[in-house]
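Report on the following structure.
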Protein chains: 2
Amino acid sequence: MSATLRLTGATRLYAIVGDPVAQVRSPEVFTARFAADGIDAVLIPVHVPAAGFDAIAPALLAIGNLDGVLVTIPFKASIVPYATRLGRAAQCIGAANALRREADGTWTADMFDGVGFVRGAQRKGEHVHGRRVALFGAGGAGSAIAYALADAGARSIAIVDVDASKAQRLAATLSRAFPDCSIAAAAPMPDGIDMIVNASPVGMRPDDGLPAAIGPLDAGTLVGDVVIAARPTALIRHAMQCGCRFVDGRDMHGGQVDALMQFFAAAAPARRVAGATSS
Amino acid sequence: MSATLRLTGATRLYAIVGDPVAQVRSPEVFTARFAADGIDAVLIPVHVPAAGFDAIAPALLAIGNLDGVLVTIPFKASIVPYATRLGRAAQCIGAANALRREADGTWTADMFDGVGFVRGAQRKGEHVHGRRVALFGAGGAGSAIAYALADAGARSIAIVDVDASKAQRLAATLSRAFPDCSIAAAAPMPDGIDMIVNASPVGMRPDDGLPAAIGPLDAGTLVGDVVIAARPTALIRHAMQCGCRFVDGRDMHGGQVDALMQFFAAAAPARRVAGATSS
């Protein structure tokens, strides 16, 4: 993607912070979205060496013309102490992937990895409400997606992880936040499932198989996979063979861009005032 | 100016640091130059609130994909302690306006405000070598220009400042560095002058007059003015009336861009290796 943009002294900054950062797509995607929306802003890649994070993060947030930050691996948990306040998902999970500067200069952080997945499903006309989900992976992506699924009204979430205690801790945390959703650690493959989500790294390598022996699926099962790969993962191929609808890593990414643009824009009028004053 | 640029995760960063920063032209100018030279880099404005400089500056220099920094008001002296090494001009004057990352990650700083002026003159076919100069203003710009004029072989420099002790200190410092150039504080208007440079703020306001009662000028006198104004300053108008050649703030800015691109490029091959490794 290529965008014609005018970069001036008055251009506002957004940054994506990671280690490494050269592989991220957000600078292209968001800079084009800002241009399309008539916002004089760019999103720049900022490579923060992991050892320097605690020195660099607060200094970045003190830059006067920085209006927002995206956070990628390995900083989604480390960024939390530097936010002035946390949204509900970030507070529950203890990790965030986006921050915006408010009118008073403070920083609000929240986690959109899970919202992106739910929005990606909605953009394909699929619903999450009332679903009985088997979720593979209780790490960063799994935590965010489990939160978003519960928040979107999933009936139950069975969390499967090779580290059973990790799955149990996540289930306990989420159960407190969503008492109406039945959330528990589980062994594969739970019964009575009508949605499967892979949030584990299985599928990132071309020769990876399924995240578990999930067997044949009813065509009404919605299948999701966070992995962004050149070709469909084994799980997505299995879904297609079973006639299931699916949400893949690209759908999730697209859904997240929409959610993040809304998050950033929620502070926009105040930011414009601040920008005009400092000019 | 508008440039079509592709901003990706692998794009390298240059920053201009100032307070305020919205008025600077470097983001447009250098981003277009990088694009024209096939360099995947942008120059972003970074507003560093003055009170936060000492916390933010070292953190900025620790960003892994930042290859260069321009420094504007009020940080040209404050940046010096954060450089690993100083070029000759920065070392002599105690101020710098540019830093580049070397292959080993260290930072080299130097001062190009004066070089820009001398290059601006050269781009108009004018020479500085052998000139007997009256220089108005012994502040940041004046110091940088005095250094560059001496370095370019001026025969003498008479430094005029409303603060006579400031002019004397600058003359003493430069005399040690350039024993072959006759450098002294002076009162306006010194005799035997064939070059006049205004590096004082006089001329920034539309109703400003000349920096001193300089009288009629011989047409062979080269006149310079660092002020960048919408219309020619009183000094430049006076030069034109006397049939003198002149170098104005825009000429100086153009000369400096060339010098800075060379300064940044001097570390380029090593930076490319480092960039490939960190991807």
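Would you confirm, using the coordinates I've provided, whether B:Gly255 is buried (at least 16 other Cβ atoms within 10 Å of the Cβ), in a strand (DSSP E or B) and within 18 Å of the chain's Cα centre (by Cα)?
no
List every residue pair whose Cβ atoms lie under 6 Å apart, where the two residues are 6 or more positions apart in sequence or sit on different chains, the first residue falls within the range B:151-167 and is assigned by TED's automatic domain parsing to the domain that holds B:Ile183, and the second residue, located anywhere, is among the aromatic types (Phe, Trp, Tyr) and crowded, with 24+ Cβ neighbours inside 10 Å.
B:Val160/B:Phe136
Out of all the residues in the range B:237-252, which are touching a Leu at 6+ places or on another chain (Cβ under 8 Å) and surrounded by fewer than 22 Cβ atoms within 10 Å (Cβ to Cβ)?
Correct list: B:His238, B:Cys242, B:Cys244, B:Arg245.
What are the residues in the range B:218-232 that are modelled with pLDDT of 95 or more, in contact with a strand residue (DSSP E or B) (Cβ under 9 Å, 6 or more places away or on another chain) and either in a loop (DSSP other than H, G, I, E, B) or not charged (D, E, K, R) (or both), if any?
Scanning the range B:218-232 gives B:Thr221, B:Leu222, B:Val223, B:Gly224.
So if I check each of B:Pro27, B:Pro49, B:Pro20, which one is within 7 Å of another protein chain (Cβ to nearest Cβ) and in contact with a Leu (Cβ under 9 Å, 6 or more places away or on another chain)? Lay out the reasoning, then the answer.
Numbers: B:Pro49 fails: in contact with a Leu (Cβ under 9 Å, 6 or more places away or on another chain); B:Pro20 fails: in contact with a Leu (Cβ under 9 Å, 6 or more places away or on another chain).
Exactly one of B:Pro27, B:Pro49, B:Pro20 is within 7 Å of another protein chain (Cβ to nearest Cβ) and in contact with a Leu (Cβ under 9 Å, 6 or more places away or on another chain), namely B:Pro27.
Given the structure, is A:Ser175 farther than 30 Å from A:Ala32 by Cβ, assigned to a loop (DSSP other than H, G, I, E, B) and either at pLDDT 90 or above or not assigned by TED's automatic domain parsing to the domain that holds A:Ile16 (or both)? Let's see the steps before the verdict.
Details: farther than 30 Å from A:Ala32 by Cβ: yes; assigned to a loop (DSSP other than H, G, I, E, B): no; either at pLDDT 90 or above or not assigned by TED's automatic domain parsing to the domain that holds A:Ile16 (or both): yes.
No; evaluated as a whole, the condition is false for this residue.
Among (1) assigned to a helix (DSSP H, G or I); (2) within 20 Å of the chain's Cα centre (by Cα), which single condition is B:Phe75 missing?
Among (1) assigned to a helix (DSSP H, G or I); (2) within 20 Å of the chain's Cα centre (by Cα), B:Phe75 violates only (1).
Scan the range B:188-224 for residues that are polar (S, T, N, Q) and within 21 Å of B:Lys166 (Cα to Cα) and report the count.
Matching residues across the range B:188-224 total 2.
Just to verify a result, which residue in the range A:165-211, among those that are of a type in the set (A, V, I, L, M, F, W, C) and closer than 18 Å to A:Ala229 by Cβ, is nearest to the chain's Cα centre (by Cα)?
A:Ala199
Need the failing condition index for B:Asp54 against (1) more than 23 Å from A:Phe53 (Cα to Cα); (2) within 14 Å of chain A (Cβ to nearest Cβ); (3) of a type in the set (Asp, Glu), just the number.
(1)
Only one of these is of a type in the set (A, V, I, L, M, F, W, C), buried (at least 19 other Cβ atoms within 10 Å of the Cβ), more than 18 Å from the chain's Cα centre (by Cα) and at the interface with chain B (Cβ under 9 Å from one of its Cβ atoms): A:Leu61, A:Leu13. Name it.
After applying the criteria, what remains is A:Leu13.
Inside the range B:30-46, can you point out the residues that are buried (at least 18 other Cβ atoms within 10 Å of the Cβ) and more than 10 Å from chain A (Cβ to nearest Cβ)?
Selection gives B:Arg33, B:Phe34, B:Ile39, B:Ala41.
Just one of B:Phe75, B:Phe117 is more than 15 Å from B:Tyr147 (Cα to Cα) and among the aromatic types (Phe, Trp, Tyr); which is it?
Every option except B:Phe75 fails the conditions.
Identify the residue in the range A:39-60 that is small (Gly, Ala, Ser) and in a helix (DSSP H, G or I) and, among all such residues, is nearest to A:Ala15 (Cα to Cα).
Filtering the range A:39-60 for residues that are small (Gly, Ala, Ser) and in a helix (DSSP H, G or I), the one nearest to A:Ala15 (Cα to Cα) comes out as A:Ala57.
Being within 21 Å of A:Ala186 (Cβ to Cβ), polar (S, T, N, Q) and surrounded by fewer than 20 Cβ atoms within 10 Å (Cβ to Cβ) is the filter here, so list the residues in the range A:108-167 that pass it.
Passing the criteria: only A:Ser165.
Every residue in the range A:1-10 that is within 7 Å of chain B (Cβ to nearest Cβ), hydrophobic (A, V, I, L, M, F, W, C) and in a strand (DSSP E or B), please.
Residue satisfying the conditions is A:Leu5 alone.
Can you tell me which residues in the range A:179-201 are farther than 18 Å from A:Cys244 by Cβ and in a loop (DSSP other than H, G, I, E, B)?
A:Pro179, A:Asp180, A:Cys181, A:Ala186, A:Ala187, A:Ser200, A:Pro201
Being at pLDDT below 95, closer than 14 Å to B:Ile93 by Cα, of a type in the set (D, E, K, R) and out of contact with any Asp or Glu (no Cβ under 7 Å at 6 or more places or on another chain) is true for just one of B:Asp151, B:Asp191, B:Asp113. Which residue is that?
The conditions single out B:Asp113.
Given the condition out of contact with any strand residue (DSSP E or B) (no Cβ under 9 Å at 6 or more places or on another chain), part of a loop (DSSP other than H, G, I, E, B) and farther than 30 Å from A:Pro58 by Cα, answer yes or no: does some residue in the range B:80-103 qualify?
Scanning the range B:80-103 turns up no residue that is out of contact with any strand residue (DSSP E or B) (no Cβ under 9 Å at 6 or more places or on another chain), part of a loop (DSSP other than H, G, I, E, B) and farther than 30 Å from A:Pro58 by Cα.
The values are calculated or read from the model by the stated rules, or taken from the named source; none is laboratory data. Worth saying up front: this structure is predicted, and the values here are computed from it rather than measured. Quick reminder, even Gly has a Cβ in these numbers, built from the backbone with ideal geometry, and neighbours come from all protein chains shown.
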